[in-house]
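Below is one structure, written out as structure tokens; comments come after it.
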Amino acid sequence: MSSDSQTWAKREKARRIKSGIAVAVSLAILIGGLWFASTTVYGFYIDWRETDDYVVEGDETTQIVIPEGATLGEIADICVTAGVVKSAATFETEAAKNPDAVGIQPGRYNIRLHIPAADAITDLLNPDNRVVYPVAVPEGMRYSEIIPIIADSTKEMPGGGWSVEDLTAILVNDPAAYGLPDIAGGEPEGFLFPATYDAPDPFDPVAMYSMMTQRFNQMAEEENLIAGTDALNQATGLQLTPYQVVIVASIIEKEVFAPEYQAKVARVIYNRLTGHNWDGPKYLGLDSTLHYALDRTGQANLGDGDQDMDSPYNTYNREGLPPTAISNPGQTAVHAALNPEPGDWIFYTTINLETGETLFETSSAEHDVNVEIYQQWCRDNPDICQ
């Protein structure tokens, strides 16, 4: 090949390389421009779509508190302020589309930030997102046992950390603040209704006690406590006040823990109060009332000399009912106090402290037999029977 031909070939090759580079650069510019344009357009689209609502779900979370009685509009404002949703109006529009939205409960929620309003409503309806602090109060506890449960159950929550002493002072000294029923006469024992509650958030002792007394009022209405007392008095010949019926229920709760025996225990109490088949003074003769005076819990038997104690709660040497409730009874005990089972029993003996099995007697001879059965059970179970 001549030198001229070689020169021309080199130039043609260089030209082709330059052309390829130019094409590649052009394609890169075109692709880059399309990518820039598409992402810019998508960004504008998202911004346009998110003028009144978020489109892309968030992954960060926050906590919000919905107060008792909050309307959907107020919930919407809370969500906007916290950064959960973008527009209160959009939240309300989506809530109108969801019939379940009216069921959003008050309380504290873990919820995602920057999410569509419809998703926010779904999250608020999901009970798994609620942050609750349960306070479980069993039947038959005195308030001195309930208050430590409240203190311990709420110590980690916002507003918590109250001492037992301060919680007790509020309960005893300010009954009007939390709505203690009028029939209580200012005495809270017996009116802190046993149930499992979601503690008010942030924690407030007055609100906590108010929940418990309101639940008592609800139960009293369901059991027709006031009129039911009148019917009970007509049937038994007694003249008990509604408060005294609560006292009877509090005794029943401490005497037997198995509900199937409660109405029979009520009958024994009324038989003793009226002197039905009962010789001598109308003493109730119950260990539970003395345990209350001695501030004992978890002990089944009295000690030597306990029955000689000088106390209005000593039903071995004082006629009638003790002056106050000795526990906070549940609904079944109140129902039993208002609806005693017909019978002539004047004694009963729980012969098994694990199962609660209780025997009822009409004579002291029968009672003595059953007491021996109980004492044998105690000998066989010394760790339980104290």
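The values are calculated or read from the model by the stated rules, or taken from the named source; none is laboratory data. Please read these numbers as outputs of a predicted model, since none were measured by experiment. Virtual Cβ from ideal backbone geometry, glycine too; neighbours counted across all protein chains shown.
Listed values, structure above:
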| read-out | value |
| --- | --- |
| When residues of the stretch 180-209 are limited to those that are among the acidic types (Asp, Glu) and buried (at least 19 other Cβ atoms within 10 Å of the Cβ), the one modelled with the highest pLDDT | 189 |
| In the stretch 121-135, residue surrounded by the fewest Cβ atoms within 10 Å (Cβ to Cβ) [restricted to those that are touching a residue at least 40 places away in the same chain (Cβ under 8 Å) and not hydrophobic (A, V, I, L, M, F, W, C)] | 134 |
| Any hit, the stretch 355-371, residues being surrounded by 14 or more Cβ atoms within 10 Å (Cβ to Cβ), hydroxyl-bearing (Ser, Thr, Tyr), in contact with a strand residue (DSSP E or B) (Cβ under 7 Å, 6 or more places away or on another chain) and at pLDDT below 95 | no |
| Condition met for residue 316 (within 25 Å of residue 222 (Cβ to Cβ), touching a helix residue (DSSP H, G or I) at 6+ places or on another chain (Cβ under 6 Å) and surrounded by fewer than 20 Cβ atoms within 10 Å (Cβ to Cβ)) | no |
| Some residue of the stretch 214-227 being farther than 29 Å from residue 108 by Cα and touching a Pro at 6+ places or on another chain (Cβ under 6 Å) | yes |
| Matching entry among 118, 177 (being surrounded by fewer than 19 Cβ atoms within 10 Å (Cβ to Cβ) and either farther than 20 Å from residue 201 by Cβ or outside the structural domain of residue 202 (by TED's automatic domain parsing) (or both)) | 118 |
| Verdict on residue 117 being among the hydrophobic types (A, V, I, L, M, F, W, C), touching a helix residue (DSSP H, G or I) at 6+ places or on another chain (Cβ under 7 Å) and farther than 27 Å from residue 199 by Cβ | yes |
| Residues of the stretch 352-382 classified as assigned to a loop (DSSP other than H, G, I, E, B), under 23 Å from residue 248 (Cβ atoms) and not small (Gly, Ala, Ser), total | 3 |
| Answer from 346, 326, 384 - the residue that is exposed (fewer than 15 other Cβ atoms within 10 Å of the Cβ), in contact (Cβ under 8 Å) with a residue 12 or more places away in the chain and either of a type in the set (A, V, I, L, M) or in contact with a Gly (Cβ under 7 Å, 6 or more places away or on another chain) (or both) | 384 |
| Any hit, the stretch 286-309, residues being part of a helix (DSSP H, G or I), within 23 Å of residue 219 (Cα to Cα) and in the same structural domain as residue 367 (by TED's automatic domain parsing) | no |
| Pairs with Cβ under 6 Å, 6+ apart, first in the stretch 80-106 and of a type in the set (Phe, Trp, Tyr), second surrounded by 11 or more Cβ atoms within 10 Å (Cβ to Cβ) and outside any helix (DSSP H, G or I) | 91/85 |
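Results for (1) of a type in the set (Ser, Thr, Tyr); (2) surrounded by 18 or more Cβ atoms within 10 Å (Cβ to Cβ); (3) on the phi > 0 side of the Ramachandran plot; (4) in the same structural domain as residue 209 (by TED's automatic domain parsing), shown as yes or no for each residue.
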position: 91; (1), (2), (3), (4): no, yes, no, no
position: 101; (1), (2), (3), (4): no, yes, no, no
position: 111; (1), (2), (3), (4): no, yes, no, no
position: 140; (1), (2), (3), (4): no, yes, yes, yes
position: 146; (1), (2), (3), (4): no, yes, no, yes
position: 163; (1), (2), (3), (4): yes, no, no, yes
